[in-house]
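What follows is one structure encoded as structure tokens, with my remarks underneath.
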Amino acid sequence: MRLTGVEYRRIELSPPFGLGFGASEGRAKFHFVARGPIFLRQGDEVHRMDTGDAVLLPRGGIHDVVSRPDLACRDVTVFTTSTLCQGVSALTACEAGECPSEHVLIFSGCMEFDLGGMGSLVGLMPEAMFVGTLSERYPEILPILEAMERETCDERAGFAGILAHLANVVAAFIVRAWAESGCGETSGWVSALRDPRLGGVISAVHRDPGRDWTVADLAAEMGGSRSIFAERFLAVTGLTPLRYLTELRMRLAAEWIGRDRMPIDVAAHRLGYGSQAAFSRAFKRINGRSPGSVRSALRSA
């Protein structure tokens with residue numbers, strides 16, 4: 001897992017306050033409460049968060065951070081920020097521009113999850129993933145949260161950069177804990193991963209996506225007949241084996257061309273396509289745009 005395009009804010013607030021966070025499509029949100037309490041409001045759902053709490057919203061989404069559940073909000077982007085270090089800024093939203101000694105402190109982030117071939121996991125995650133649910137099973141996360149609290153409050157030399165790294169670790173920790181606990185109540189291909197026989201097939205495909213896989217090859221990995229394997233794979237994942245393979249290849253191709261700047265013909269060859277034209281057709285069918293447009297967008301950026 002990689003976190004890309006990460007932007008963090010150290011936010012100082014004095015009650016009453018209400019900050020609105022937009023959808024930021026495709027970007028996750030992270031909030032750590034260094035000095036609380038606050039309320040996280042998502043539509044009709046309201047969650048109280050106290051000092052030391054953290055939450056990851058893997059798909060972002062519109063939500064509010066408020067001092068009382070019934071307060072109106074101002075969008076967080078209307079406030080003036082100052083740069084603390086690369087990728088970290090400071091925002092002060094206190095009455096009369098000066099915060100009292102016991103004001104609320106939050107460390108918030110916006111980021112993109114890069115899960116490579118496992119990108120489908122993001123769509124299966126809960127709307128909000130709270131770190132408080134992990135402390136009993138993963139007590140080693142507590143010292144990290146305590147360090148974040150100290151760094152946010154004390155503002156020692158280099159605190160902004162240290163906080164950003166610690167927040168990255170906590171966000172990754174939350175995702176890993178969710179995966180290790182069985183990905184909640186999700187189904188589909190996560191169920192296939194839990195299945196000892198189908199999980200082995202999926203692992204083999206992820207290890208070598210460029211191999212010229214056939215249904216017979218995949219069935220042999222499972223240790224069953226073609227027909228039984230194909231029926232089971234479709235029933236559990238909702239996809240045919242070859243459709244799953246194609247989607248995996250095209251997610252990887254988009255990552256290689258867009259993030260790693262790999263030439264299109266090299267990506268096509270690595271993924272087992274003898275023809276760049278056939279690769280481009282499959283890429284557009286799965287990703288909705290051509291590999292050339294992904295490369296052009298990168299050059300424009």
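Read the figures in this text as sums done on the coordinates, not as results from a lab. Treat the numbers as computed from the prediction; the structure is a model and nothing was measured. Using ideal geometry, Cβ is built from the backbone for each residue, glycine included, and neighbour counts are taken over all protein chains shown.
Brief remarks on what is shown
- For His269, His103, His31, His165, the sequence from fewest to most other C-beta atoms within 10 Å is His165, His269, His103, His31.
- Size of electric dipole in the chain: Cβ of Lys, Arg +1 and of Asp, Glu -1, about Cα centre, debye, nearest 20: 1520 debye
- In plain terms, the chain from Glu146 to Glu231 could stretch by 25.6 nm, reckoned as 0.36 nm per residue minus the Cα-Cα distance.
- Ranked by how many other Cβ atoms sit within 10 Å of their own Cβ, fewest first, the residues Leu56, Leu198, Leu193 fall in the order Leu193, Leu198, Leu56.
- Ordered by the number of other Cβ atoms lying within 10 Å of each residue's own Cβ, fewest first, Ile162, Ile228 fall into the sequence Ile228, Ile162.
- Relative contact order (%) - the chain, alpha-carbon pairs under 8 angstrom, separation at least six: 17 percent
- Under 18 Å from a label point set 7 Å out along the Cα-to-Cβ vector of Ser135, the amide N atoms of the stretch 25-65 belong to 31-40, 47-56.
- Site pair Thr51 and Ala216 shows an inter-label distance of 6.8 nm when each label is modelled 7 Å from Cα along Cα→Cβ.
- Extending 7 Å from Cα along the Cβ direction at Arg197 and again at Ala177 yields two label points whose distance is 3.6 nm.
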